[in-house]
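The values are calculated or read from the model by the stated rules, or taken from the named source; none is laboratory data. This is a predicted model, so every value here is computed, not measured. Heads up, the Cβs are rebuilt from the backbone with ideal geometry, glycines too, and the neighbour counts pull from every protein chain shown.
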Amino acid sequence: MGRKPDIIRTVVLIFAVGLVVTGFTSLQASDDEPTASETETVIVSAVRN
């Protein structure tokens, strides 16, 4: 039973690292300019119809 706290700490550490990586990538994604403006999106959807 002495090994369970190690396993719990490992799972929590992996979860925390995942949260940090997800937060960092979402911050970088929001800094990027959008790839298409609203008018380009409307034009593309009109072409599909």
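Based on this model, can you work out whether ALA46 counts as aliphatic (A, V, I, L, M), outside any helix (DSSP H, G or I) and at pLDDT below 95? Give the derivation first.
Values: aliphatic (A, V, I, L, M): yes; outside any helix (DSSP H, G or I): no; at pLDDT below 95: yes.
The answer is no for ALA46.
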Failed condition for ILE7, given (1) at pLDDT 80 or above; (2) surrounded by 10 or more Cβ atoms within 10 Å (Cβ to Cβ)
(2)
